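Only one structure is covered here, and it is reproduced in the block below.
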Amino acid sequence: MVALPARDMADDDQDQHAAGAEGTATIASRVASICAMLEEHDTAETPMSSRQVEEISAMIDDVAAAAASESEWTTTGDSKRTSNKTPGCMRSTCCYEKLGKIGEGSAAVVTEARHLTTGQTVAMKAIHESCRSVSGGELLREACLMAACLGHPSIVALHGLARAPGTENDDYSLVMDHAGPSMDRILGARMRYTGWPFSETEARRFMAQLLSGAAEIHRHSIVHRDIKPENILVDGAGNVKIGDFGSAMSVAGGQISADAYYAAGTTKYSAPEMLLETPGYDARVDAWSLGCVMAELLTGEVLFNEKSASDQLWLIYDVLGVPGKEAWKPHESSFVASRVPLWRREQRRRRRKGRWHSRWLRELFPEELLSEDGFKVLKGLLTCNPDRRLTAAAALKLPWFADEDNAPVKNYAAM
């Protein structure tokens with residue numbers, strides 16, 4: 001084979017990069033289009049017909065196929081997930097034998113199931129009837145967002161949608177990989193068995209995978225909005241996967257209603273701008289959540305643990321510092337605006353008495369717990385000003401990850 005001249009090889013690399021970027025943009029625009037269709041049904045409060053559901057399901061299959069073919073991580077198994085059924089024809093729940101409940105929340109239940117033909121174990125998510133919208137599009141939207149990320153090893157893989165035969169149009173389930181127990185369960189079991197949280201080496205390995213998964217989500221103009229230990233699954237080899245896209249949103253193309261920027265997700269892991277419901281918040285809310293997860297991996301405890309949004313904001317500012325007047329200008333009409341001057345005054349009083357300083361976060365994570373390189377990642381993710389906060393992709397480029405240890409982490413939940 002004749003080697004190409006260096007200049008031609010560089011041009012070839014640029015062409016491949018451009019083609020990849022174009023493919024990503026196409027997937028993001030498809031996802032945005034499907035989400036817009038579902039939003040129209042929600043706004044009009046009109047139920048979707050069986051045919052409409054089938055058509056949208058087929059569009060989601062197309063997104064999944066495009067994502068799988070474009071992804072550098074895709075395996076043969078990922079491609080088969082989207083090709084083992086008739087195009088445009090939704091699966092039937094009769095194809096699965098339910099084995100038991102994995103978990104249940106206020107809005108949905110997740111069940112372990114086995115495919116009767118292949119024997120593959122999967123997880124099936126169904127929305128409680130009382131929580132379904134009139135259009136019934138919740139799981140369609142979630143499936144669409146998951147489909148865009150198909151193939152990445154740190155994101156729970158979508159298999160598709162399955163409908164219960166002879167039932168209403170909105171009685172269907174989301175079928176996905178059964179990845180393993182949640183990080184919340186793993187960490188809890190580890191604390192019970194050993195009394196110790198994860199080491200810095202173990203936390204670095206987890207964070208490398210989680211940040212890579214988040215960067216892939218964000219590459220497709222999707223914001224997860226609810227990254228937390230309960231929504232991170234750990235497989236038998238100690239690899240982590242981001243799951244539960246129920247609160248996720250597409251931010252690709254067009255004007256997004258200000259109503260979409262509400263305080264989604266879980267208060268304990270929500271970024272300040274999400275708690276403040278700042279219109280236009282972006283993927284960096286997920287970076288904040290990952291910073292909270294990182295802190296919890298290292299200590300075994302939730303870093304900011306309040307129930308109400310106002311108390312949570314004060315706790316965050318108590319550790320990281322209350323924003324100055326200039327930084328607070330975009331939030332002057334927020335629900336805590338009247339409290340911020342009081343918080344500033346209290347923090348100044350405590351600083352004068354030597355009871356508060358700007359390195360409070362470092363005191364919570366001293367060098368014997370977290371190295372200087374590790375702390376730069378944590379501090380960069382837990383920065384109140386989103387314009388100065390690290391993105392997931394930028395965090396991965398920091399020196400802490402240059403010495404990543406790929407040794408597996410013991411699965412204490414299986415003991």
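Every read-out reported here was derived from the displayed coordinates using simple, explicitly stated rules and does not represent laboratory data. The model shown is predicted, which means the values in this text are computed figures rather than measured ones. Here Cβ is always computed from backbone atoms with ideal geometry, including for glycine, and neighbour counts include all displayed protein chains.
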Which whole-angstrom value gives the distance between the alpha carbon centres of region 283-300 and region 216-241?
12
Suppose each label sits 7 Å from its Cα in the direction of the beta carbon; what would the W360-K307 distance come out to in nanometres?
2.3
With DSSP loop assignment and no more than 15 other C-beta atoms within 10 Å, the trypsin sites (Lys or Arg not before Pro) in region 279-331 are K307
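Would you mind putting 146-159, 326-339 in packing order, based on average other-beta-carbon counts within 10 Å, highest first?
Values: 146-159: 25.3, 326-339: 12.8.
So the order, starting with the most tightly packed, is 146-159, 326-339.
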Debye equation applied to the C-alpha atoms of region 183-414, log10 I(q)/I(0) at 0.16, 0.17, 0.18 Å⁻¹:
-1.17, -1.30, -1.43
What is the spin-label model distance, in nm, from L315 to A58 if the labels are put 7 Å beyond Cα along the C-beta direction?
4.9
For region 175-224, Rg(Cα) over 2.2 N^0.38 Å is 1.43
If you plug each phi of region 206-221 into the Karplus form 6.51 cos²θ - 1.76 cosθ + 1.60 with θ = phi - 60°, what whole-Hz ³J(HN,Hα) values come out, in order, with x for Gly and Pro?
4, 5, 4, 5, 5, 5, 5, x, 5, 4, 5, 4, 5, 4, 9, 6
Inter-label distance for W196 and K101, nm, one decimal - labels placed 7 Å from Cα along Cα-to-Cβ
3.7
